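Here's the structure, in structure tokens; my notes come after.
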Ligand SMILES: [Cu+2]
């Protein structure tokens with residue numbers, strides 16, 4: 001008489017533990033595989049950014065925010081001095097842009113992080129900027 005309920009409850013506990021275990025492992029593998037893998041592999045959209053360069057030897061804006069993937073930068077010279085945009089760590093350099101002209105550059109960036117870019121002509125004058133590559137998962141939560 002007393003054996004039946006005990007074995008029943010043990011079986012119930014074991015089953016509950018198994019279900020929780022499956023749920024937890026499912027959640028863990030779901031997080032692990034979707035965040036970095038999908039972000040760098042499956043974002044076909046090209047991200048387009050326009051940056052002005054001017055006779056004050058500045059990039060405007062000097063900070064660009066993108067996600068991993070293909071990036072196209074349009075460099076617009078709103079002054080008369082020639083400039084370029086060089087991202088040394090990505091081996092990406094734009095053509096030289098002259099006063100009143102526009103050039104474009106395209107590159108691929110796969111790894112989130114902070115990448116410095118410079119104007120090769122005016123580095124000593126502080127003509128620098130920062131490319132911020134944040135994980136694609138943050139796209140929806142951006143303000
Ligand atoms: Cu410059």
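The values are calculated or read from the model by the stated rules, or taken from the named source; none is laboratory data. A quick note: this is a predicted structure, and the numbers were derived from the prediction, not measured. Glycine gets a Cβ as well: all are built from the backbone with ideal geometry, and neighbour counts include every protein chain shown.
A few points about this structure:
- Count of residues meeting criterion [free of Cβ contacts under 8 Å to residues at least 40 places away in the same chain and either surrounded by 19 or more Cβ atoms within 10 Å (Cβ to Cβ) or assigned to a loop (DSSP other than H, G, I, E, B) (or both)] in segment 51-70: 3
- Some residue of segment 31-48 being modelled with pLDDT of 95 or more and either in contact with a strand residue (DSSP E or B) (Cβ under 9 Å, 6 or more places away or on another chain) or within 18 Å of residue 136 (Cα to Cα) (or both): yes
- Residues being within 13 Å of the ligand (Cβ to nearest atom) and touching a residue at least 40 places away in the same chain (Cβ under 8 Å) - total across segment 86-105: 1
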